[in-house]
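See structure below.
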Amino acid sequence: MDASFSPSIALINLGANPAVISGNKTIEVNPNPLPVIGEPFALSADNNLYISNGDNNPLNDTVATGLLVSPGASLTLELNMVSHAEFLFANDVHILGTVETDDVDPLGRGGVMLTMKNYYAEENTLIDTRGRLPGQSGGLIQLSTPPAFNFLFNHGDLITSGADNGGGNAGNGGAITIISWGPFENTGNIIAIGGIGSLSGGEGGAVDITTRDAYLYNSGAIATHGGTGGDHGGPGGDVVIGAGIASDLPSELRNSGNINTSGGLGLSSYGDFAGIILLAASSAELKNNADLIATGGDTRGLVANAGGGGQVRLITFASSTIAGGGHLRTAGSILTYGGSVPAASSRRGGNGGRIILEVDASGFISGVPGVPPPTDQRLEIFGLNAILGSGGDGNVGGNAAMQAIANYGSSWLVNTYVDDNGGDVINEAHIIAQGGNVTTTAVTSPASGGLGGAVIIKTDDDPTVTNAAAEHLTNSGNINTSGGNNWGLTAPNGNNAATINLYAANDLHNSGKLSANGGNDRVNDDSLTTGFGNDAAFVISLKSEPGDLINTGNIEANGGDGEALGGNGIVTAITIEGVTVNNAGDLSATGGNADAALAGSIGGNGGNLEFLVNNPLTDFTNTGVFNMSGGSGDTVGTDGNCQINLLPC
């Protein structure tokens, strides 16, 4: 899946009186005397850049209409505001060299804010406000264009990272904000990472890139991860990228640059949390072919928790009057797993972050009587390495978060014409949302594995207005929401696996393996007081409301093993429902095994299978193998049941 783009050719207009920077130049604030004729200068609390006429009277000097930083030039900006340099240009800014700022103080580098009609930075250029002194935080960078269909094209690097500090706390990354009312293109790296500190790691800076009325294309890497700390790590900064956020015009978003907002490593104390990642497009296609990484920070400390993963959300949404939601197509890995702790630690692994992929046309309002909204808004996930949002391992396993993939239509009424504009959902990715395991060398017990995270993949869920040409669901990726393994539980702990729900308002085809098993208890001490396996998930549901359902994937929801007590198979049932059902997958809902040689041990009960079809005699076929056996033990668990339309299979 191609999300690349060819950079546009920019037509630059610097206006009648531009500031032209050659060589190494510092723009001074309130210089005395004023510079020689033709040289730029700035005044405190004034966002104009002035060009000197040589008479040493600022009231007679002209305002620069644009800015050109020539090839090989290095421009240093003194701070005309309290903590940053800020300039407004009526015409364009063209960067072919380097732009830097002065320090605010030893703890903070100055920022830069540029507002102009159009902005163009060539390749191999740089705006640099990173911390330079030990532990110094980076300054902000803000680039913006005024309300008009103007462009902002950046092909150079933007760096606001915090500085390292071998003798204390690291510096934080500065925020990077880009606001373009017209199109935005970026091929440069955008770096706002936290520094490495002997005490705390630095925080990643937030990155916010938006267009108001036009497309947004990015191929540059974006990094806002927290820094490593000799004590604790730093949190990752949030990354928000939105195309057409204030417009009814369809605004496409393409991203092929990897994004990393992970939490920082803690060497003796806690690992920190990741920042969020949000990609959004208005009534147009969103293409992502890059890795999106928001993982929790690990810890190497023995008495500290690991950090949690951040949320990743990709969404196309409907503008109110022009169009429905656009296509959403993504490839690459999405990683939000929680951080882990050392094997000998007594603390908890981090929780996984939530992943949401969504086409939402619910805001569509037709302005044309009798003309239906678009119907082919597809949500496609191509051959990703993984969607991974599991909890981290620890003395207590971290919990996974719920993962949701949905394509919502919008019921609408125009001149009594009722339809729905939901589209297809196609998933090829392996989705892993397992609870974290208790480490094999855990130092305290009882210790619980983490909860699995629910996975929901669905088309529009209103079958009364189904679009006959769309709203199909096809899943070929393996999905695992199993609970984490335990150590030495002293009582039954219920289910720690999570629900898997595949729903289509039309046909549903599944060929992926679905797993929602209860966690095992690893203890082996020949005792009935410890060793309890978890139950499997509450339910696994495959449902094609008015259509045909074909399943060729194996499905398992088995209870976890435990020395004293095995967990039960799926709590309610593995449910498969359609007008017609053709099943070729093996289905397993066995009870967990206990130690059959241990007097008084009890195997878990098998779970149930349930099929619902229009006519069980003509609309149901099966070539798969079913297993609902009770688990082994001194007392064997009870077998589960299989039903078709509430009658025995």
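The values are calculated or read from the model by the stated rules, or taken from the named source; none is laboratory data. Just so it is clear, the model here is predicted, and its values are computed rather than measured. Because the Cβ atoms are built from the backbone with ideal geometry, glycine has one as well, and the counts that use them run over all protein chains shown. Heads up: the accessible areas ignore ligands, DNA and RNA and are worked out on the full protein's heavy atoms, side chains in. Shrake-Rupley method; radii C 1.70, N 1.55, O 1.52, S 1.80 Å.
Considering region 109-150, and only residues there that are more than 18 Å from N91 (Cβ to Cβ) and over 30 Å from the mean Cα position of the chain (by Cα), the residue that is least open to solvent (accessible area, probe 1.4 Å) turns out to be G110. Filtering A280, A246 for residues that are under 25 Å from G188 (Cβ atoms), among the hydrophobic types (A, V, I, L, M, F, W, C) and assigned to a loop (DSSP other than H, G, I, E, B) leaves a single hit, A246.
For region 615-637, filtering for residues that are part of a loop (DSSP other than H, G, I, E, B) and either in contact with a Phe, Trp or Tyr (Cβ under 7 Å, 6 or more places away or on another chain) or farther than 16 Å from A564 by Cα (or both) leaves 10. Is at least one residue of region 49-58 charged (D, E, K, R) and either modelled with pLDDT of 95 or more or within 30 Å of G220 (Cβ to Cβ) (or both)? No, every residue in region 49-58 fails to be charged (D, E, K, R) and either modelled with pLDDT of 95 or more or within 30 Å of G220 (Cβ to Cβ) (or both).
Scanning region 206-219 for residues that are open to solvent by less than 40 Å² (accessible area, probe 1.4 Å) and either without any contact (Cβ under 8 Å) to a residue 40 or more places away in the chain or not in a loop (DSSP other than H, G, I, E, B) (or both) yields V207, I209, T210, T211, L216, Y217, N218. Sub-6 Å Cβ pairs linking a first residue in region 184-205 that is over 11 Å from G131 (Cβ atoms) to a second residue that is of a type in the set (V, I, T) and open to solvent by 10 Å² or more (accessible area, probe 1.4 Å), at least 6 apart or interchain, are I191/I159; I196/T228; G201/T228; G204/I193, ordered by first then second residue. Within region 518-557, track down each residue that is within 16 Å of N493 (Cβ to Cβ), assigned to a loop (DSSP other than H, G, I, E, B) and open to solvent by less than 30 Å² (accessible area, probe 1.4 Å). Answer for region 518-557, where residues must be within 16 Å of N493 (Cβ to Cβ), assigned to a loop (DSSP other than H, G, I, E, B) and open to solvent by less than 30 Å² (accessible area, probe 1.4 Å): G518, G519, V523, T530, G531, G533, N534, A536, A537. From the list E185, E203, the lone residue that is open to solvent by 10 Å² or more (accessible area, probe 1.4 Å) and either of a type outside the set (A, V, I, L, M, F, W, C) or modelled with pLDDT of 95 or more (or both) is E203.
Rundown of residues vs (1) farther than 16 Å from G624 by Cβ; (2) at pLDDT 95 or above, yes/no style:
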| residue | (1), (2) |
| --- | --- |
| G566 | yes, yes |
| V571 | yes, no |
| I576 | no, yes |
| V581 | no, yes |
| G585 | no, yes |
| A589 | no, yes |
| G592 | yes, yes |
| S601 | yes, yes |
| G604 | yes, yes |
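Is at least one residue of region 455-474 among the hydroxyl-bearing types (S, T, Y), open to solvent by less than 20 Å² (accessible area, probe 1.4 Å) and closer than 30 Å to T580 by Cα? Yes, because at least one residue in region 455-474 is among the hydroxyl-bearing types (S, T, Y), open to solvent by less than 20 Å² (accessible area, probe 1.4 Å) and closer than 30 Å to T580 by Cα. The condition (being open to solvent by less than 20 Å² (accessible area, probe 1.4 Å), out of contact with any strand residue (DSSP E or B) (no Cβ under 8 Å at 6 or more places or on another chain) and either of a type outside the set (A, V, I, L, M) or modelled with pLDDT of 85 or more (or both)) is satisfied by just one residue among G301, G308: G308.
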